[in-house]
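A short reminder: the numbers here are calculations on the coordinates, not readings from a lab. Owing to the predicted nature of the structure, the values given are computational and were not obtained by experimental measurement. Cβ atoms come from the backbone with ideal geometry, glycine included; neighbour counts cover every protein chain shown.
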Amino acid sequence: MNSISIDSERRIGDVSPLLFGSFIEHLGRCVYGGIYQEKSPFSDAQGFRTDVLAAVRELAPTILRWPGGNFVSGYHWMDGVGPKELRPCVKNIAWGSCEPNHFGTDEYIDYCRLTDAEPFICTNMGTGTIEEARNWVEYCNAPTGTYFADLRAKHGHEQPFGVKYWGIGNEMNGPWQIGQLDALDYAKKAREAAKLMKWADPSIRTIVAGDCTDDPCCVDWDRTLLDYMAHETDCISIHMYARNWENNFAQFMATSQRIAHKINLTNALIDTAMHKTGKKERIKICFDEWNVFYREDSTANRGNLIEERYNFEDALVCAEFLNAFVNHCDTLETANQSALVNAVATIRTREDGLLLQTTFYPFYLFSHFVGKEAFDALVQCGSYDTPIYEGVPDLDVSVSRNGRDWSVFVVNKTQLPQSTSIRFFHEQIAPVGEVYEFYHDDMKAENTFEQPNVVGLQKRSLSGLSSCFSYEFPPHSLTLLRLEEIVQ
Ligand code: AHR
């Protein structure tokens, strides 16, 4: 029998709510026709789709990265401020569409306020200049009295927006990126941009674009970048998209190993750079793009809307990402699922309504029920090998606590039920609890507009619990056990 042993003295760290964030990119119908749609019967006076807003509030992402992605490397933020009728309609160079600029900085901040999400702006290091990035910080964060801050006030926002998180470019190592740079050229530009941006507001947190591939040489990019500017950045980004090209469930579920490897590798490079440069404050990781994404080709066709349709197994892989964020909460600062609506997204829209994809549900569970502190559980279970990874554990687990409420998230990666004993070393557990089960017998099951509730959550109460109890996790499933600690 498997076991999950929970020792509250083995604390990993505090779990930042910002690990459950999302991403809004000007890509396909993510913004226009997604969160924002002028003249839709669903839209409010500002143009925000109220049905989407309600779904986003239910999903509860805590931080929203914007405006890209590849899009940002051709975006000039000044095009998207001021009276809408005066804003230019320009080519969206990255994705081939037309960008009317009706959703710009002020609308984005309004959307963050409406969804109770922290803003996170990524700047243009492709066609953009370091001065333009710096001016954007002034527009958002400076008190009135200088040109760009006064411009914000003129546009109706007297008070600074207080945007804390600032990305310094997106995926700058990729040949698909507008204005791709080699590592040293990017490092030089990013260092100067970060310097100017911090001069505009010293309280901001900057995120440099780490290598977004798993290529063996990705370490060279990150090493060059961090060695050059460790002192000028607070965070480095990781992007990762999981794929099931071989239609092999076991291999797909081994994504857990790929995620952990990339985080560990990036932390090793951070340690090395901090050692070399003498930087004391830890550089954190922003896992600021992640998802399953492989059916819709983003590079072959620039007109592609990339409206990936998600099935049940995709959602289990999303749960693995989320478990990994909890288990690495001590070195992660944010994580952002890519993306929120329509393009590679949890929510899909049509003119007449919306659909919650399978991937909505794991995110919902984590954003609502992960506790404030994470613990390093000892998981003893079977394992399997894939062509890439040896010893992939059958169970993927995270354990967290909020006061006396414990959350145990378990992904069963196998096609068999897994009987498991759950043991607490120090706490007494109340006899009753709750379980949320995310299970479908067909791993390819999807929610569609015609049948929107094929895949969802089941909630039940549990009884007969104690500090050591057995639970059988269904095959290929995500389970959340909600347990309460009794005060002794
Ligand atoms: O999410 C789609 C694209 O994937 C983003 O624009 C880019 O950053 C990544 O390559």
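For the stretch 239-311, what value does the Rg/Rh ratio take when both radii are computed over Cα atoms and Rh is the Kirkwood radius, given to two decimals?
A ratio of 1.12.
By counting other Cβ atoms within 10 Å of each Cβ, how are His26, His155 ranked from fewest to most?
His155, His26
Between beta-carbons, use under 14 Å as the cut-off and find the net charge around Cys89, counting Lys and Arg +1, Asp and Glu -1.
Cβ neighbours under 14 Å give a net charge of -1.
For Gly145, what is the net charge nearby, where nearby means another residue's Cβ is under 12 Å from its Cβ and Lys, Arg count +1, Asp, Glu -1?
Around Gly145, the surrounding residues sum to -2.
How much net charge surrounds Gly34 when only the other residues with a Cβ under 9 Å from the Cβ of Gly34 are counted, with Lys and Arg +1 and Asp and Glu -1?
Charge balance in the 9 Å sphere: +3.
With just the Cα atoms defining each centre, how far is the stretch 110-132 from the stretch 1-42? Give it in Å.
A separation of 17 Å, based on Cα centres.
Taking neighbour counts of Cβ atoms within 10 Å as a proxy for exposure, in what order, fewest first, do Lys154, Lys198 appear?
Ranking Lys154, Lys198 by Cβ neighbours within 10 Å, fewest first, gives Lys154, Lys198.
Rounded to a whole number of µm²/s, how large is the Stokes-Einstein D of the stretch 42-103 at 37 °C and 0.692 mPa s, given Rh as the Kirkwood radius over C-alpha pairs?
244 µm²/s
Cα to Cα, under 30 Å, and not fewer than 8 places away if on the same chain: which lysines meet these conditions relative to Lys413?
Within the straight-line limit of under 30 Å, Lys413 reaches these lysines: Lys262, Lys284, Lys372, Lys444, Lys459.
Short version: ³J(HN,Hα) in whole Hz for each residue of the stretch 383-399, in order, from phi by Karplus 6.51 cos²θ - 1.76 cosθ + 1.60 (θ = phi - 60°), x for Gly and Pro, what are they?
Result, rounded to whole Hz: 8, 9, 10, 10, x, 9, 10, 9, x, 6, x, 5, 10, 10, 10, 9, 10.
If you rank Met274, Met1 by fewest surrounding Cβ atoms within 10 Å, what's the result?
In order of increasing Cβ crowding within 10 Å: Met1, Met274.
Over the stretch 191-265, what is the mean sequence separation of C-alpha contacts under 8 Å (at least six apart), divided by residue count, expressed as relative contact order in percent?
32 percent
Taking only the C-alpha atoms, wrap a convex hull around the stretch 270-377 and report its volume per residue in Å³ as a whole number.
Enclosed volume per residue, from the Cα hull, is 154 Å³.
For Asp44 and Phe369, what is the calculated FRET efficiency with R₀ set at 35 Å and r taken between the beta-carbons, to the nearest 0.05?
Working from the Cβ atoms, E equals 0.70.
Can you list the residues, at least 5 places off or on another chain, whose amide H is less than 5 Å from the amide H of Ile429, using H built in the peptide plane?
Ser467, Ile486
Reported to two decimal places, what Rg/Rh ratio describes the chain when computed on Cα atoms with Rh from the Kirkwood expression?
Computed over Cα atoms, the ratio is 0.97.
Considering amide H positions built from the backbone, and no H for Pro or chain starts, which residues 5 or more places from Tyr165, or on another chain, come under 5 Å of its amide H?
Sorted by chain and number, the residues that satisfy this are Ile121, Arg205.
Could you work out the relative contact order of the chain? I mean the mean sequence separation of Cα pairs under 8 Å and 6+ apart, divided by the number of residues, in percent.
Over the chain, the number comes to 19 percent.
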